[in-house]
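Visitor: Right, I'll just put the structure down here and ask away after.
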Amino acid sequence: MKKLLTVAVIAALTSFSSVADESKQLFNQVNIADFPEGDNAYYVSSHYFFAPQQHSGVWDDFGYLNTDTNIQAAYLNYDNVTDIAVSGEWFATKEWFVFGGTEDISHIRNDAEIGFGYLFADKLKLSIRYQDRKYGNDQTMLKAEYNHQINEHDYFGVTLDTESDLDTWTLSGRYFKKLSGDQFISLDIDHEKDYYFNEDYTSAVVNYYMNRNLSFGVGSYDSDLGIQAKYFFSDKFHLGGSIIDFDGGEVYQLSFTAQY
């Protein structure tokens with residue numbers, strides 16, 4: 001169930017970005033996921049940046065790296081369990097930043113993380129953070145994020161997030177490219193090595209933006225097939241949906257995003 005929740009709810013969230021008069025600072029989203037057992041998951045999030053974010057040419061991509069001070073909060077209800085997560089990232093200078101947060105504010109004393117990092121030339125973002133966990137072992141995490149901006153629209157980004165002992169880690173990459181006119185394509189690949197659950201997990205998703213208002217995607221979630229689509233009413237509102245055919249049954253997800 002850990003995998004289902006990660007893929008269908010958290011990983012289904014859109015990334016954040018915008019252009020000129022279409023820049024955005026506040027991103028709100030509501031997600032509903034229906035699982036084979038009949039359970040539903042509800043996820044509501046809000047993410048605020050203290051500087052305008054410019055999109056990459058489509059209305060749900062705002063570049064690869066977060067390089068501005070930001071705060072976010074999220075509410076998750078699943079299987080009679082409710083979590084309220086809060087976090088923030090503050091750039092004390094253009095390069096140095098600190099951050100902190102908790103996955104459940106009701107257990108902030110023993111379920112929180114703090115850390116700091118450095119941004120090199122708006123391309124390489126390195127950070128270290130300490131996680132104090134109520135369930136599981138406390139751990140020190142290392143993270144490296146790199147963005148190669150090919151041109152105004154196209155870019156390639158890669159992230160390595162690992163425990164300090166390298167037992168558990170995640171390697172992810174994203175390629176975004178303008179085709180012609182308002183047509184774009186994106187490729188997201190993730191591989192996770194989980195020492196505690198003794199499993200490896202790989203996903204790959206391709207999204208094709210037909211125009212400013214419509215996109216379609218197809219992906220493999222650890223060999224399970226998924227399809228998704230989004231309709232953009234404007235640069236402020238869009239609706240998304242996905243179906244993932246897991247071995248244990250299909251997971252349906254619906255999301256609505258409002259960004260200002």
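Visitor: Taking segment 218-234 as the region of interest, how many residues are assigned to a strand (DSSP E or B) and either farther than 24 Å from Glu22 by Cα or of a type in the set (Phe, Trp, Tyr) (or both)? Break it down stepwise before answering.
Guide: Residues of segment 218-234 assigned to a strand (DSSP E or B): 218-221, 224-232.
When the remaining residues are screened for being either farther than 24 Å from Glu22 by Cα or of a type in the set (Phe, Trp, Tyr) (or both), the result is 218-221, 224-228, 231-232.
Residues meeting the conditions: 11.
Visitor: Looking at segment 30-45, which of its residues are hydrophobic (A, V, I, L, M, F, W, C), in a strand (DSSP E or B) and either more than 15 Å from the chain's Cα centre (by Cα) or modelled with pLDDT under 95 (or both)? Before you say what the answer is, go through the steps one by one.
Guide: Restricting attention to segment 30-45, the residues satisfying the condition of being hydrophobic (A, V, I, L, M, F, W, C) are 30, 32-33, 35, 41, 44.
Retained after the next criterion (residues that are in a strand (DSSP E or B)): 30, 32-33, 41, 44.
Of everything in segment 30-45, those that are hydrophobic (A, V, I, L, M, F, W, C), in a strand (DSSP E or B) and either more than 15 Å from the chain's Cα centre (by Cα) or modelled with pLDDT under 95 (or both) turn out to be Ile32, Ala33, Ala41.
Visitor: Restricting attention to segment 92-106, which residues are open to solvent by 60 Å² or more (accessible area, probe 1.4 Å) and at pLDDT below 95?
Guide: Selection gives Glu103, Ile105, Ser106.
Visitor: Return yes or no: is Tyr48 modelled with pLDDT of 95 or more and open to solvent by 70 Å² or more (accessible area, probe 1.4 Å)? Full working, then the answer.
Guide: Numbers: modelled with pLDDT of 95 or more: yes; open to solvent by 70 Å² or more (accessible area, probe 1.4 Å): yes.
Spelling it out, Tyr48 is indeed modelled with pLDDT of 95 or more and open to solvent by 70 Å² or more (accessible area, probe 1.4 Å).
Visitor: How many of the residues making up segment 236-260 are open to solvent by 30 Å² or more (accessible area, probe 1.4 Å) and either among the basic types (Lys, Arg) or in contact with a helix residue (DSSP H, G or I) (Cβ under 7 Å, 6 or more places away or on another chain) (or both)? Don't jump to the end; show me each part of the working.
Guide: Our first condition is that a residue be open to solvent by 30 Å² or more (accessible area, probe 1.4 Å); within segment 236-260, this holds for 236-237, 239, 243, 245, 247-248, 250, 252, 254, 256, 260.
Those left that are additionally either among the basic types (Lys, Arg) or in contact with a helix residue (DSSP H, G or I) (Cβ under 7 Å, 6 or more places away or on another chain) (or both): 236.
The total comes to 1.
Visitor: From the set of residues in segment 158-200 that are in a loop (DSSP other than H, G, I, E, B) and charged (D, E, K, R), which is surrounded by the fewest Cβ atoms within 10 Å (Cβ to Cβ)?
Guide: Start the filter on segment 158-200 by keeping residues that are in a loop (DSSP other than H, G, I, E, B), which leaves 164-168, 181-182, 195-198.
Checking which are charged (D, E, K, R) leaves us with 165, 167, 182.
Details: Asp165: 10, Asp167: 12, Asp182: 14.
Per the criteria, the residue is Asp165.
Visitor: Limited to segment 67-98, what total is found for residues that are in a loop (DSSP other than H, G, I, E, B) and either among the hydrophobic types (A, V, I, L, M, F, W, C) or touching a residue at least 40 places away in the same chain (Cβ under 8 Å) (or both)? Explain how you work it out, then say what you get.
Guide: The first filter runs over segment 67-98 and keeps only residues in a loop (DSSP other than H, G, I, E, B), leaving 67-69, 79-80, 92-95.
Pick out the ones that are also either among the hydrophobic types (A, V, I, L, M, F, W, C) or touching a residue at least 40 places away in the same chain (Cβ under 8 Å) (or both) and you get 67, 79, 92.
Number satisfying all stated conditions: 3.
Visitor: Only one of these conditions is not met by Ser220: (1) closer than 22 Å to Gln259 by Cα; (2) out of contact with any Asp or Glu (no Cβ under 9 Å at 6 or more places or on another chain); (3) among the polar types (S, T, N, Q). Which number is it?
Guide: So Ser220 meets the others, but not (1).
The values are calculated or read from the model by the stated rules, or taken from the named source; none is laboratory data. Predicted, not measured: the structure shown is a model, and the values here were computed from it. In this analysis, Cβ positions are derived from the backbone assuming ideal geometry, glycine residues included, and neighbour counts consider all displayed protein chains. Protein only, heavy atoms only, side chains kept; ligands, DNA and RNA dropped before computing areas. Shrake-Rupley method; radii C 1.70, N 1.55, O 1.52, S 1.80 Å.
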